[in-house]
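The values are calculated or read from the model by the stated rules, or taken from the named source; none is laboratory data. Note that the structure is a prediction, hence the values are computed from the model and not measured. A quick note on method: Cβ atoms are made from the backbone with ideal geometry, for glycine too, and the neighbour counts reach across all protein chains shown.
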Amino acid sequence: MSGSRALLVFAKTPKPGKVKTRLLAAVSAEVAAALHKACIADTLRLASRTRGCDVFVFAAGGRRYFRGLLKKQSCGRRVRVLSQRGSDLGVRMENAFRKCFLMGYREVVVIGSDTPWMGAQRLRQAFAELKSNGVVIGPAEDGGYYLLGLRKMVAEIFRGIPWSTERVLELTLKAVARTKLRRKLLRRDFDLDRPEDMKRAARMFKRKPRVAPELAAAIAEIERVRYL
């Protein structure tokens, strides 16, 4: 441990048919997995370059893929890869946060891999807001959240939540209110989950391809093949 801040990346091994399943109405399972790979690559590059925090990847579906990718990105020594533990997302996040607080971290932030364009400034803002707030949340437009930061273990906000539904954020905020902790909401953003999200990301990358270069290239290739 090199400091008081921990940045956690929750990610799933990119197996065709097991990831980005809501994109399958528009693309094949192999293309959806390739988009997921690009999201992971951009997210890990973002996380590993964020200063002032230790980075952990909490992997679902095995750790080998992530270790190989981090080695390829030349940041394997700076990022620790651990396995997700638990029966659902809430239990897995609760276990990850508890582990980091027991390790001595005082500010812990978790992100997924579906919003790789969020940028280092927003991660820095999340940690900065934890100085005066017990909970920091990055709300997603689909009713979930793309970022969660805690200054202490608050198990209640991981329990009784219908994960992968549009009520995740609503019920999480109600749980936070019951704890009486002060909370801060960051800028609302979207996840890459549905075909319309892919189209929206494509428009964004035409203006700002560098915010997530791997994903920008993957989506550009899809467009190139479709419009040949």
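Key figures
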read-out	value
From the options GLY144, GLY149, residue that is of a type outside the set (Val, Ile, Thr), crowded, with 21+ Cβ neighbours inside 10 Å, in contact with a Ser or Thr (Cβ under 8 Å, 6 or more places away or on another chain) and closer than 28 Å to VAL81 by Cα	GLY144
Residue that is modelled with the lowest pLDDT, among those in region 37-49 that are out of contact with any Asp or Glu (no Cβ under 9 Å at 6 or more places or on another chain) and part of a helix (DSSP H, G or I)	SER48
Residue that is surrounded by the fewest Cβ atoms within 10 Å (Cβ to Cβ), among those in region 126-140 that are in contact with a strand residue (DSSP E or B) (Cβ under 7 Å, 6 or more places away or on another chain) and of a type outside the set (Gly, Ala, Ser)	ASN133
Filter pass, ALA120 being touching a residue at least 60 places away in the same chain (Cβ under 8 Å) and in contact with a helix residue (DSSP H, G or I) (Cβ under 9 Å, 6 or more places away or on another chain)	yes
Sole residue being among the hydrophobic types (A, V, I, L, M, F, W, C) and either in contact with a His (Cβ under 9 Å, 6 or more places away or on another chain) or closer than 15 Å to LEU8 by Cα (or both), chosen from ILE137, ILE161	ILE137
